[in-house]
Amino acid sequence: MAEDLLKDWNPFDIFDAEAARLDRFFSGLDEAGWQRPSRCAGWSVRDVLGHLAGEELYNHACLDGSVEELTSRLTVEGVSGYNDFNEWSVRRRRDVPVEDVLAEWRTKNGETRERMRALGPDALLDTMAGPYPVGRQTFHYDSEYATHADDVGAPVSPEETDGRLLWRAAVGRFVLAEQEADVQVEQTAEQIWVNADGVSATLSYPQFVEATVGRLPEGHGLDPRVVSALRCLA
């Protein structure tokens, strides 16, 4: 079963760890650091923080059972779709003092993590895709935070690297299975073999993770059909 891919990890502990990584990184930035380009096209490091702060509006709507109300509010604002929401969230915080945006994110995300842990993995959340288990949603947030931590260059210690790759690969495989993606994936201790549309490739763990979150670097050399089939978390 796809759920077995995630059984070895606690999603709430991972969420805490990745949030703490981002908080440490953001807390040490000067103005030049905030303005540095991130790995997200068109976004500075500060913009990534604005995006994370904005996402808490949706996260809290899920927890409060008010996703429909949020959707109606965004429609009035002229916001439709995930990409519009992201850009709107970033844009409306660009003129806010960065220390205020950091405080907003820190407070709201702390509440999100506390409330989700209290609910437990099997409780259901109200999401745009309908009712969804808290534990699985938290794994999605884990991936989002790890991806953005890498986007802004937040440090990962050597002691964390292997374990972080393992849970991220597991989340990627789980989401591919959940979405019934037309791709075969076989994992060994050293690498991950995939087949999509009759094209096979062998990827390292970092390559597989970057493929699932849409962050493969230029010149990666993978067939576009494999790249398209693996992108499931971005």
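The values are calculated or read from the model by the stated rules, or taken from the named source; none is laboratory data. Here the structure is a predicted model, which is why all the values come from computation and not from measurement. FYI the Cβ positions are ideal-geometry reconstructions off the backbone, even for glycines, and counts take in every protein chain you see. Side chains are part of the model used for accessible areas, which takes the heavy atoms of the whole protein and leaves out ligands, DNA and RNA. Shrake-Rupley method; radii C 1.70, N 1.55, O 1.52, S 1.80 Å.
Kindly list, by first and then second residue, each pair from a residue in the stretch 96-112 that is touching a residue at least 24 places away in the same chain (Cβ under 8 Å) to a residue that is in a loop (DSSP other than H, G, I, E, B), limited to pairs with Cβ atoms under 9 Å and residues at least 6 apart or on different chains.
V98/L29; V101/R93; E104/R93; E104/V96
I'd like the residue in the stretch 1-35 that is open to solvent by 60 Å² or more (accessible area, probe 1.4 Å) and touching a residue at least 40 places away in the same chain (Cβ under 8 Å) and, out of all such residues, is farthest from G214 (Cα to Cα). Break it down stepwise before answering.
To start, the set of residues in the stretch 1-35 that are open to solvent by 60 Å² or more (accessible area, probe 1.4 Å) comprises 1, 3-4, 7-10, 13, 24, 27-28, 30-32, 35.
Filter once more, so that each one left must be touching a residue at least 40 places away in the same chain (Cβ under 8 Å): 3, 8-9, 24, 27.
Working: E3: 23, D8: 25, W9: 23, R24: 25, S27: 27 Å.
Among residues in the stretch 1-35 that are open to solvent by 60 Å² or more (accessible area, probe 1.4 Å) and touching a residue at least 40 places away in the same chain (Cβ under 8 Å), the one farthest from G214 (Cα to Cα) is S27.
Restricting the search to the stretch 36-62, which residues are in contact with a strand residue (DSSP E or B) (Cβ under 7 Å, 6 or more places away or on another chain) and either open to solvent by less than 30 Å² (accessible area, probe 1.4 Å) or aliphatic (A, V, I, L, M) (or both)?
If we filter the stretch 36-62 for residues that are in contact with a strand residue (DSSP E or B) (Cβ under 7 Å, 6 or more places away or on another chain), which is where we start, we get 36-38, 44, 62.
S38, S44, C62 - these are the residues of the stretch 36-62 that are in contact with a strand residue (DSSP E or B) (Cβ under 7 Å, 6 or more places away or on another chain) and either open to solvent by less than 30 Å² (accessible area, probe 1.4 Å) or aliphatic (A, V, I, L, M) (or both).
For residues that are open to solvent by 50 Å² or more (accessible area, probe 1.4 Å) and of a type in the set (G, A, S), tally how many sit in the stretch 126-141.
The total comes to 1.
Scan (1) within 25 Å of D150 (Cβ to Cβ); (2) not in a helix (DSSP H, G or I) for the single condition I14 breaks and write down its number.
I14 satisfies every listed condition except (2).
Pairs only if they're at least six apart or on different chains, beta carbon under 6 angstrom, first in the stretch 207-234 and farther than 16 Å from A146 by Cα, second exposed (fewer than 15 other Cβ atoms within 10 Å of the Cβ) and acidic (D, E); list them, first residue then second.
Within 6 Å, the pairs are R225/D197.
Residue by residue through the stretch 110-125, note down the ones that are part of a loop (DSSP other than H, G, I, E, B) and crowded, with 17+ Cβ neighbours inside 10 Å.
First pass over the stretch 110-125, keeping only residues part of a loop (DSSP other than H, G, I, E, B): 120-123.
The answer is P121, and nothing else.
Where the second residue is in a loop (DSSP other than H, G, I, E, B) and at pLDDT 95 or above and the first is hydrophobic (A, V, I, L, M, F, W, C) and lies in the stretch 116-142, which pairs have Cβ atoms under 6 Å and are six or more apart or on separate chains?
Filtered contacts from the stretch 116-142: L124/P131; V134/P121; V134/A123.
Consider F174 against the criteria (1) within 18 Å of the chain's Cα centre (by Cα); (2) without any contact (Cβ under 8 Å) to a residue 60 or more places away in the chain: it satisfies all of them except one. Which criterion is unmet?
(2)
For A189, indicate whether it is in contact (Cβ under 8 Å) with a residue 24 or more places away in the chain and not acidic (D, E). Don't jump to the end; show me each part of the working.
Working: in contact (Cβ under 8 Å) with a residue 24 or more places away in the chain: no; not acidic (D, E): yes.
So A189 fails the test.
For (1) farther than 21 Å from F139 by Cβ; (2) modelled with pLDDT under 95, each residue gets a yes or a no:
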| site | (1), (2) |
| --- | --- |
| L165 | no, no |
| Q184 | yes, no |
| W193 | yes, no |
| A196 | yes, no |
| S200 | yes, no |
| S204 | yes, no |
| Q207 | no, no |
| T212 | no, no |
| E218 | yes, yes |
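Every residue in the stretch 94-106 that is surrounded by 12 or more Cβ atoms within 10 Å (Cβ to Cβ) and under 16 Å from L22 (Cβ atoms), please. Full working, then the answer.
Keep residues of the stretch 94-106 that are surrounded by 12 or more Cβ atoms within 10 Å (Cβ to Cβ), which gives 94, 96, 98, 101-106.
The answer is V98, V101, L102, A103, E104, W105, R106.
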